[in-house]
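Asker: There's a structure below that I have some questions on.
The values are calculated or read from the model by the stated rules, or taken from the named source; none is laboratory data. Because the structure is a prediction, the values reported are computed rather than measured. Because the Cβ atoms are built from the backbone with ideal geometry, glycine has one as well, and the counts that use them run over all protein chains shown. Surface accessibility is based on the protein's heavy atoms, side chains included, excluding ligands, DNA and RNA. Shrake-Rupley method; radii C 1.70, N 1.55, O 1.52, S 1.80 Å.
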Amino acid sequence: MITSKTVVQLADLLTKKEISAVEIANAYIDRINTHDKKINAYITFNPEKLLIEASQSDKRRATGSELSQYDGIPVAIKDNICTKGMKTSCGSRILGDYTPPYDATVIAKLKEKGMTILGKLNMDEFAMGSTTETSCYGPVKNPHNLNHVPGGSSGGSAAAVAAHLAPAALGSDTGGSIRQPASFCGVTGMKPTYGRVSRFGLVAFASSLDQIGPLARTIDDATLLTSIISGKDTKDSTSVAPDNAIPETITCRDLKTVRIGVPEEYFEGVSDDTKHALSKKINELDAAGAQIVPISLKMTEFAVPTYYLIATAEASSNLARYDGVKYGARSKVAQNLDELYKLSRSEGFGQEVKRRIILGTYSLSSGYYDAYYLKALKARTCIINDFKKAFESVDIIAAPVVPSTAFRLGENLSNPLEMYMSDILTISANLAAIPSISIPIAKDAKGLPIGMQLMGPHFDEKSVFEIGKTIEKDITPLIADFM
Ligand code: GLN
């Protein structure tokens, strides 16, 4: 079946001319039309546009002028990444009719290779959440069990890849939003080093933490996509050009040369099923010759408050631009300017976004700044130092991604604090700006996927991918049998 092929497999079939871009597009159009009603992964899907682009790709290949071997392969995109001429809503009413006049740099890079945009994917509003239930387009369902959430905020991206509604997708990760849904949906999700991928055209949530990355069915596909979208960009001053570019293809790493750190703090409060799956995998790595090193990341307990102070402070500043005047949907019932601001924001933002703006505004306000925001910045430095020290004695850190498997729909919605606490294992990698991947390794007793997290030193994505590929080769893919 075309829709069960990976990006690498599709490229091979296209190169051998055993398949056309139009056939790939039609296979996905059929599948999305049949199954997305159950999953709700797509916010925007335009089959006519997709078919036009696919036939243009086929024409290029027919004349030997294809842009790359990936020309004609469709990739689905989280709806906070700007796509020229295609709605980019961020899952929010306030951007409900926003169509960007430009492409994000990552989109331009995909298009340079001839890759097409399959559609725009559902997400938590402004990427704030861990379940994709805060979207104004309704919740996404987990393809492994439709009564459970796919995780968030890139829940649409993870569910689409898991349900074979896309060969691969892009998501964004501010505090775990690629890795956590990847873990919940049994796919591979990579958050690159902060600065590796341009954020130009990514609608900002927390600018010092946001990073774009791929969700895919294999490490090879995740590597390829990270390689394509990464690189210095003059339009994003925080993007960098390290000497070690990410190659398009990688090989397995010999585990006998690898020191794997296992942080004890990452196993506290973790469910038995997840703990068991991780321990089993770590024992296997040990048996395969890796050196397993128990380590301590002592600052882990401060990660949640540190993240929720910094992320909300940055969000309150970033979201100030949606005022219904310069930017964002305007209230139709406002009688004067004051009401226009108030009503546009009250009507346009959902509850979770409002909560974050208020929290962030509070911690940045005079009198509270030093006690909250400044203290969080200091704690962030301690978290960075924790990792620096750890990487003096290990090459990579292995840990669970989330303390549990996918929540039931609605389970955590009324308890924001509980929801924030569940991010404890992913947010430190954002605060420390290091690369981190989630790889599916097992299922729990209920059949829900469990992921393993691998965190590497700054700009050492190559090690993360190579070691990940070695781990992946012994794992049977976790198929979502929702049909
Ligand atoms: N769940 C976290 C939050 O709600 C992470 C979100 C993200 O990475 N975008 O902030």
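Asker: Just for region 205-226: of the residues that are surrounded by 21 or more Cβ atoms within 10 Å (Cβ to Cβ) and small (G, A, S), which one is nearest to the chain's Cα centre (by Cα)?
Answerer: The selected residue is G213.
A quick yes/no check of all residues on (1) touching a Lys or Arg at 6+ places or on another chain (Cβ under 7 Å); (2) in a loop (DSSP other than H, G, I, E, B):
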site	(1), (2)
K38	yes, no
I43	yes, no
L51	no, no
S55	no, no
R60	no, no
G64	no, yes
L67	yes, yes
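Asker: Still on this structure, I have one more. Select, from L165, L110, L118, the only residue that is more than 16 Å from the ligand (Cβ to nearest atom) and in a loop (DSSP other than H, G, I, E, B).
Answerer: Values: L110 fails: in a loop (DSSP other than H, G, I, E, B); L118 fails: in a loop (DSSP other than H, G, I, E, B).
Result: L165 is the single residue among L165, L110, L118 that is more than 16 Å from the ligand (Cβ to nearest atom) and in a loop (DSSP other than H, G, I, E, B).
Asker: Can D12 be described as out of contact with any His (no Cβ under 9 Å at 6 or more places or on another chain), acidic (D, E) and crowded, with 16+ Cβ neighbours inside 10 Å? Working first, answer last.
Answerer: Working: out of contact with any His (no Cβ under 9 Å at 6 or more places or on another chain): yes; acidic (D, E): yes; crowded, with 16+ Cβ neighbours inside 10 Å: no.
For D12, the condition - out of contact with any His (no Cβ under 9 Å at 6 or more places or on another chain), acidic (D, E) and crowded, with 16+ Cβ neighbours inside 10 Å - is not met.
Asker: Only residues that are more than 30 Å from F349 (Cβ to Cβ), surrounded by 24 or more Cβ atoms within 10 Å (Cβ to Cβ) and among the polar types (S, T, N, Q): list them for region 54-97, please.
Answerer: Scanning region 54-97 gives a single hit, S57.
Asker: I'm told G138 meets every condition in (1) touching a Gly at 6+ places or on another chain (Cβ under 9 Å); (2) away from the ligand (no atom under 15 Å from the Cβ) except one. Can you identify the failing condition by its number?
Answerer: The number of the failed condition is (1).
Asker: Right, something else. Kindly indicate whether any position in region 58-77 is closer than 24 Å to E411 by Cβ and either aliphatic (A, V, I, L, M) or in contact (Cβ under 8 Å) with a residue 60 or more places away in the chain (or both).
Answerer: Restricting attention to region 58-77, the residues satisfying the condition of being closer than 24 Å to E411 by Cβ are none.
No: region 58-77 contains no residue that is closer than 24 Å to E411 by Cβ and either aliphatic (A, V, I, L, M) or in contact (Cβ under 8 Å) with a residue 60 or more places away in the chain (or both).
Asker: Moving on. Scan region 179-187 and tell me whether some residue there is among the charged types (D, E, K, R), open to solvent by 10 Å² or more (accessible area, probe 1.4 Å) and either closer than 26 Å to L10 by Cβ or more than 12 Å from the ligand (Cβ to nearest atom) (or both).
Answerer: Residues of region 179-187 that are among the charged types (D, E, K, R), as a first pass: 179.
Going one step further and asking which of them are open to solvent by 10 Å² or more (accessible area, probe 1.4 Å), we end up with none.
No, there is no match, as no residue in region 179-187 is among the charged types (D, E, K, R), open to solvent by 10 Å² or more (accessible area, probe 1.4 Å) and either closer than 26 Å to L10 by Cβ or more than 12 Å from the ligand (Cβ to nearest atom) (or both).
Asker: Looking only at region 362-398, count how many residues are aliphatic (A, V, I, L, M) and in contact with an Asp or Glu (Cβ under 9 Å, 6 or more places away or on another chain). Working first, answer last.
Answerer: In the first step, residues of region 362-398 are kept if they are aliphatic (A, V, I, L, M); the result is 364, 371, 374, 376-377, 379, 383-384, 390, 394, 396-398.
Filter once more, keeping what is in contact with an Asp or Glu (Cβ under 9 Å, 6 or more places away or on another chain): 396.
So the answer is 1.
Asker: From the residues in region 403-440 that are within 14 Å of the chain's Cα centre (by Cα), among the hydrophobic types (A, V, I, L, M, F, W, C) and within 12 Å of the ligand (Cβ to nearest atom), which one is farthest from F465 (Cα to Cα)? It would help to see each step written out before you state the result.
Answerer: At the first step, the residues of region 403-440 found to be within 14 Å of the chain's Cα centre (by Cα) are 423, 426-427, 429-430, 435-439.
After this cut, where a residue has to be among the hydrophobic types (A, V, I, L, M, F, W, C) as well, the list is 427, 429, 437, 439.
Remaining after also requiring within 12 Å of the ligand (Cβ to nearest atom): 427, 429.
Numbers: I427: 20, A429: 16 Å.
Going through the qualifying residues, I end up with I427.
Asker: Can you find a residue in region 385-396 that is touching a helix residue (DSSP H, G or I) at 6+ places or on another chain (Cβ under 9 Å), open to solvent by 50 Å² or more (accessible area, probe 1.4 Å) and not in a helix (DSSP H, G or I)? Spell out how you get there, then give the answer.
Answerer: Of all residues in region 385-396, those touching a helix residue (DSSP H, G or I) at 6+ places or on another chain (Cβ under 9 Å) come to 385-387, 395-396.
In the following step, the residues that additionally are open to solvent by 50 Å² or more (accessible area, probe 1.4 Å) were identified as 385.
Next, only the ones that are not in a helix (DSSP H, G or I) stay: none.
No, region 385-396 contains no residue that is touching a helix residue (DSSP H, G or I) at 6+ places or on another chain (Cβ under 9 Å), open to solvent by 50 Å² or more (accessible area, probe 1.4 Å) and not in a helix (DSSP H, G or I).
Asker: Also, quick follow-up: Within region 202-219, does at least one residue satisfy the condition of being modelled with pLDDT of 95 or more, within 25 Å of K275 (Cα to Cα) and of a type in the set (S, T, N, Q)? If you could, list the steps in order and put the result at the bottom.
Answerer: Of all residues in region 202-219, those modelled with pLDDT of 95 or more come to 202-219.
Restricting the remaining residues to those that are within 25 Å of K275 (Cα to Cα) gives 215-219.
Okay, now just the ones that are also of a type in the set (S, T, N, Q), so 218.
Within region 202-219 (the criterion being modelled with pLDDT of 95 or more, within 25 Å of K275 (Cα to Cα) and of a type in the set (S, T, N, Q)), the answer is yes, since at least one residue qualifies.
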